[in-house]
Amino acid sequence: MSLLTVFDVSLLGRAGNAALECHQPDGSRVELTFGDLEARSNQLSHALRARGLARGDRIGFFLANRVEVIDLWLAAVKLGLIVVPINVLYRERELRHILSDAAPTAVISSPDLASFLPADTSGWNVTELWQAAASQPATRIAVPCDAGTPLSLIYTSGTTGASKGAVLTQGNFATNALTLVSSWAITAADRYLATLPLFHVHGLANGVHCWLISGCHMRLHERFEHGKAAAWFESYQPTLFFGVPAMYVRLLEWPPEQARAIGRRLRLAVSGSAPLPAEVLERFRVLYGQVILERYGMTETLMNIGNPYAGERRAGTVGLPLAHVAVKICDEAGATVPDGTAGELWVRGPNVCDGYWRRPDATSAAWREGWFRTGDIGVRAADGYVTLQGRRSDLIISGGFNIYPREIEELLLEQDGIREAAVVGAPDPVRGEVPVAYVVADAAFDEAALRVRLATQLASFKLPRAFVRIDVLPRTALGKVQKHLLPR
Ligand code: MLC
Ligand code: AMP
């Protein structure tokens with residue numbers, strides 16, 4: 001079964017139903033039915049074909065949330081293309097790496113973002129491409145695809161510092177969303193407020209796919225803006241919201257009467273991508289009258305474990321394995337540990353990606369006898385609830401965006417005046433963690449100039465919030481930096 005078959009229940013079966021509302025970057029308001037989305041993506045399929053794209057080709061998008069991202073996704077499903085979503089906050093260094101690794105035929109972008117792409121990128125202007133599509137026929141082209149057809153290369157930071165493309169198939173996306181729609185009782189009557197970025201799996205694989213499969217209504221915003229979010233809840237009256245913990249922390253700022261009114265309309269609020277502090281869950285429950293459902297996933301596996309919809313949503317835990325996922329918790333040697341003992345989570349199921357794009361070494365390091373090693377450390381209670389306790393690597397998660405210290409450390413070491421560098425996560429009340437750099441630097445070190453330089457190279461969420469100068473990094477006898485000994 002291809003992904004299109006399950007989308008067709010909405011694209012064809014609910015063609016006349018209102019599907020999507022959003023504001024475009026030029027301020028214009030768009031309202032579309034599922035039939036409109038079908039026609040638009042058909043026209044785009046013809047336009048992409050006319051530009052030479054065929055099954056298996058990669059096509060990147062470097063765009064903020066807007067309706068064209070949806071059109072592109074649907075056209076790719078129909079043509080068997082492989083979409084490469086690119087975080088709009090990425091800058092030169094990150095962009096260069098992804099583009100050289102994925103080698104997309106082109107990257108679709110808007111003028112404001114296109115200027116950040118390396119000069120040798122084959123960039124397609126979003127407005128021009130959609131203008132060309134508007135004169136194409138609205139008849140469907142559907143290339144035969146099945147669950148094994150790759151649909152997306154999504155870059156996820158690796159412990160090596162350079163990110164790797166997880167090869168996600170049509171079957172991965174279908175399995176993930178079909179399970180979530182049934183597990184979370186999502187129906188065509190729901191109203192989903194979408195503020196998560198569409199270039200990551202939380203907004204894309206969960207948000208967009210649950211919407212298309214259930215046939216509910218979606219309001220899409222360019223991004224979450226904490227000053228406006230509560231007003232959006234009031235005007236749209238969603239029944240469904242997916243967010244990262246930083247968004248829920250922001251929503252706690254809202255006055256109690258308004259929060260309570262929003263909470264009465266809300267049927268389900270889901271949190272993931274970073275740990276949700278138990279205290280935030282409790283404060284949200286008191287204010288909004290809703291118990292947030294926390295779930296756990298990854299780019300490579302989509303969703304793995306979640307608290308139950310009908311059952312105890314236990315604060316501080318990520319709940320129980322989802323219906324299609326096998327989970328085991330292992331020691332370093334790969335043996336299953338008893339309940340109550342911490343170990344690494346290994347997962348297996350039709351949700352797990354095919355491997356890393358053109359990285360057989362990284363793929364064989366991450367998979368063991370059909371199990372994917374998540375790198376997350378967790379413990380299972382006797383009744384099956386899983387609590388995450390951290391990671392094997394020193395990943396920092398800031399506002400739901402992942403940061404691998406090694407990538408920043410490598411860049412710092414290339415700078416004049418820096419002899420040694422170590423980057424760690426410091427606690428932050430809203431974003432969970434923020435990166436802080438410890439540097440051993442000589443007299444040539446100029447922090448202000450360095451900040452300006454780094455901003456052109458790295459996404460803003462990766463820029464160290466502080467540079468702490470120290471005389472020497474604490475190291476083991478073997479020379480490994482002991483980050484836990486750095487002053488915080
Ligand atoms: C943040 N910024 C964005 C942006 N999100 N810019 C453009 N588009 C976005 N989507 C920039 C802002 O411009 C600002 O830049 C800085 O980030 C901080 O923004 P803020 O609004 O002041 O911060 P805050 O209120 O803390 O909110 C940040 C946030 C953002 C929660 C909106 O962190 C966010 O959207 N996080 C979602 C990440 C996500 O989707 N993760 C899923 C990964 S998948 P400047 O220059 O002023 O600093 C995964 C698997 C799984 O992990 O299990 O889901
Ligand atoms: P990414 O590589 O961006 O897909 O991020 C995946 C990582 O986010 C996982 O490996 C976890 O470390 C983390 N993560 C996702 N959901 C949760 C959660 N509910 N609690 C804690 N960490 C989470």
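The values are calculated or read from the model by the stated rules, or taken from the named source; none is laboratory data. As the structure is a prediction and not an experimental result, all values here were calculated from the model. Heads up, the Cβs are rebuilt from the backbone with ideal geometry, glycines too, and the neighbour counts pull from every protein chain shown. Note: areas computed on protein heavy atoms with side chains; ligands, DNA, RNA excluded. Shrake-Rupley method; radii C 1.70, N 1.55, O 1.52, S 1.80 Å.
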Inset, instruction - Output the residue which, of all residues in region 182-200 that are closer than 27 Å to Gly399 by Cβ and outside any loop (DSSP other than H, G, I, E, B), is nearest to ligand 1 (Cβ to nearest atom). - result: Ala194
Legend entry - Tyr248 vs. criteria farther than 25 Å from Thr317 by Cβ and either of a type outside the set (A, V, I, L, M) or in contact with a Leu (Cβ under 9 Å, 6 or more places away or on another chain) (or both): no
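To keep it simple, each residue is scored yes or no on (1) at negative phi; (2) assigned by TED's automatic domain parsing to the domain that holds Gly432; (3) not basic (Lys, Arg).
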| position | (1), (2), (3) |
| --- | --- |
| Asp361 | yes, no, yes |
| Ile377 | yes, no, yes |
| Gly384 | no, no, yes |
| Phe401 | yes, yes, yes |
| Pro405 | yes, yes, yes |
| Leu412 | yes, yes, yes |
Legend entry - Test result for Leu486, under 21 Å from the mean Cα position of the chain (by Cα), more than 23 Å from Glu94 (Cα to Cα) and open to solvent by less than 70 Å² (accessible area, probe 1.4 Å): no
Legend entry - Spans of helices (runs of 4 or more DSSP H) in region 226-306 with at least 3 residues surrounded by fewer than 19 Cβ atoms within 10 Å (Cβ to Cβ) and not assigned by TED's automatic domain parsing to the domain that holds Ala189: 229-236, 256-265, 278-288
Inset, instruction - Go through Glu279, Glu253 for me and flag whichever is farther than 29 Å from Gly349 by Cα and within 16 Å of ligand 2 (Cβ to nearest atom). - result: Glu279
Legend entry - Entirely in region 360-473, the helices (runs of 4 or more DSSP H) that have 2 or more residues that are farther than 22 Å from Ala246 by Cβ, open to solvent by 70 Å² or more (accessible area, probe 1.4 Å) and in contact (Cβ under 8 Å) with a residue 12 or more places away in the chain: 447-457
Inset, instruction - Go through region 397-417 and give me each residue that's at pLDDT 90 or above, away from ligand 1 (no atom under 16 Å from the Cβ) and closer than 20 Å to Ala274 by Cα. - result: Pro405
Inset, instruction - Being in contact with an Asp or Glu (Cβ under 8 Å, 6 or more places away or on another chain) and surrounded by fewer than 22 Cβ atoms within 10 Å (Cβ to Cβ) is the filter here, so list the residues in region 79-92 that pass it. - result: Asn87
